[in-house]
Amino acid sequence: MDIAKILSTAMGFVGFIVLMILCGVTITECFRLTKRFLNRNKKACLWSRADDDTDLWETSCDQAFCLTNGTPKANDFKFCCYCGKEIIEDSDCVPAVDF
């Protein structure tokens, strides 16, 4: 795949997320749609924290994993232990928004 196509796809997806946020779509709904997008493309597994007060991480392959210390990336997780896809954390693909 050529680099121009990769960049245009990535920029299009980030733009789509930003547009959804600007249109009032909740962050939770953005994460849900991101999971659906990544799962459909079968290239990566999105791991997102269930909520801010838990150690539970939900996966786009419909599983859950408990990490008692840190994030998947901080614990050197590279591939999902359920589906085998490369792990992407929700903070890696959804831009931070200050309210």
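At a 10 angstrom cut-off on C-beta neighbours, averaged per residue, how do the peptides 82-90, 64-72 rank from highest to lowest?
The packing order, highest mean first, is 82-90, 64-72.
Under a 5 Å amide H to amide H cut-off, with H placed in plane at 1.01 Å, what residues pair with residue 79 once short-range neighbours are removed?
It is 87, by chain and number.
With each pseudo-label sitting 7 Å past Cα toward Cβ, what's the residue 29-residue 62 distance in nm, one decimal?
Output for this residue pair reads 2.3 nm.
Residue 21 to residue 50: extension gain in nm, 0.36 nm per residue of separation minus the Cα-Cα distance? Walk me through the numbers before you get to the answer.
Values: separation 29, 0.36 × 29 = 10.44 nm, distance 1.94 nm.
Net length gain for the segment: 8.5 nm.
Here, each number is a calculation from the coordinates, and none is a lab measurement. Since this is a predicted model, take the numbers as computed values, not measurements. Neighbour counts run over all protein chains shown; Cβ positions are idealised from the backbone, glycine included.
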